[in-house]
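Please read the structure below before turning to the comments.
The values are calculated or read from the model by the stated rules, or taken from the named source; none is laboratory data. All values reported here derive from a predicted model rather than from experimental measurement. Here Cβ is always computed from backbone atoms with ideal geometry, including for glycine, and neighbour counts include all displayed protein chains. In case anyone asks, the SASA skips ligands and DNA or RNA and just uses the protein heavy atoms, side chains included. Shrake-Rupley method; radii C 1.70, N 1.55, O 1.52, S 1.80 Å.
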Amino acid sequence: LTVTSPVGDLTVNNTGSGTATVSGMTNGKTLTTQGAGQIHIQTSLTEGQSVTVIATANDNIKITESGAGQVNVQGNLALDNNDTMSFTLNGNGTTVVNQTGTLSLGNAPLSLSLANGYIPTPAGGDTITLFANDGVDAVVGTFSGQAEGSVIQIGGVGFTISYTGGDGNDIVLTSLST
C-alpha cells in the first residue's frame, strides 16, 4: 500500500507483513498508525512546518524526513533493524523528531545527509537534535553501529552522537572541528 500526498488527516491500519508507505504529508496533517505491519512515513517539509504521527497499536515505524520541518510522534516507538531512520540535517539548533512516549532504538539503521547549503561551523559545536524525547524516560538502545559518543561522518564532516543530550534524554549530534 502506498498513499501519496494525502489531502487530510489519515489513519493507516497495516495488518499485513508488507510495508505501507505514506509520502507527501503536508503541514499540520496527522497520521494515525494501527496494526502490526510496518509503516514508512516520508516527508519533505519546509522550515517551520510539521506533521503529527500518532503511534497507537503500531510502533513499527520508519521515518524519512528530507526537508527542514519536524515530525511530531505521539506514542511509543520500538524500532528494530528493519526500521531505518533517514534524516537530512538542516543546520545548527534544529530538531527533526519530537517524541512523546518511550523510544527504543533496537539497533535500527541511521542514514544521515547534509542539506544543500548547510555547512557546519568549521570550529565545530553545531548541535542537531534527531529526537527530542519528552519527560525523563531514557532512550533505550542505540542506532546500529553508533555507540554513545561515536563519530559519524556525514558529507565529510564528523559528528558525535549522544543519547543523553539536550535535557538528558535526547538524541543529539554535535559537529567536530574541521
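Distance between the pseudo-spin-label points of VAL136 and ASN116 (7 Å out from Cα toward the beta carbon): 4.6 nm. What is the antiparallel percent of DSSP beta bridges lying wholly in the chain, to the nearest 5? Taking every DSSP beta bridge with both residues in the chain, the antiparallel ones total about 25 percent. Residues whose amide H comes within less than 5 Å of that of THR56, counting only those at least five positions distant or on another chain, are THR33 (H built at 1.01 Å from N in the peptide plane).
Amide H contacts under 5 Å for GLN38: ALA20, restricted to partners 5 or more places along the chain or on a different chain, H placed in the peptide plane at 1.01 Å from N. Karplus-derived 3J(HN,Hα) values for region 145-154, using 6.51 cos²θ - 1.76 cosθ + 1.60 with θ = phi - 60°, are x, 10, 6, 3, x, 5, 9, 10, 8, 10 Hz; glycine and proline are entered as x. Summarising the amide proton neighbourhood of LEU89: residues at separation of 5 or more, or on other chains, whose placed amide H is nearer than 5 Å comprise SER113, LEU114, ALA115. Extending 7 Å from the Cα toward the beta-carbon at both SER44 and GLU148 defines two label points whose distance is 3.8 nm. Using the Cβ-Cβ distance between THR102 and VAL7 with R0 = 25 Å, the FRET efficiency computed as 1/(1 + (r/R0)^6) comes to roughly 0.20. Highest mean first, the peptides 42-53, 2-13 sorted by other C-beta atoms within 10 Å per residue fall in the order 42-53, 2-13. Springs between alpha-carbon pairs under 10 angstrom, Gaussian network model over the chain: which of THR26, THR15, THR142 fluctuates most? Evaluated over the chain, the most mobile residue of the options is THR15.
Sequentially through region 46-54, phi angles give Karplus couplings (6.51, -1.76, 1.60; θ = phi - 60°) of 8, 3, x, 9, 8, 10, 10, 10, 9 Hz, Gly and Pro residues having no value and appearing as x. Solvent-accessible area per residue in region 1-143 equals 43 Å², computed with a 1.4 angstrom probe and all protein chains kept.
Principal axis extents of the C-alpha atoms in region 1-93 (largest first, rounded to whole Å): 37, 30, 21. Among the protein heavy atoms of the chain, carbon and sulfur supply 48% of the accessible surface, probe 1.4 Å, non-protein parts ignored.
Matching the structure-derived volume of the Cα convex hull per residue in Å³ against the labelled list (i) 189; (ii) 102; (iii) 129 gives the label (ii).
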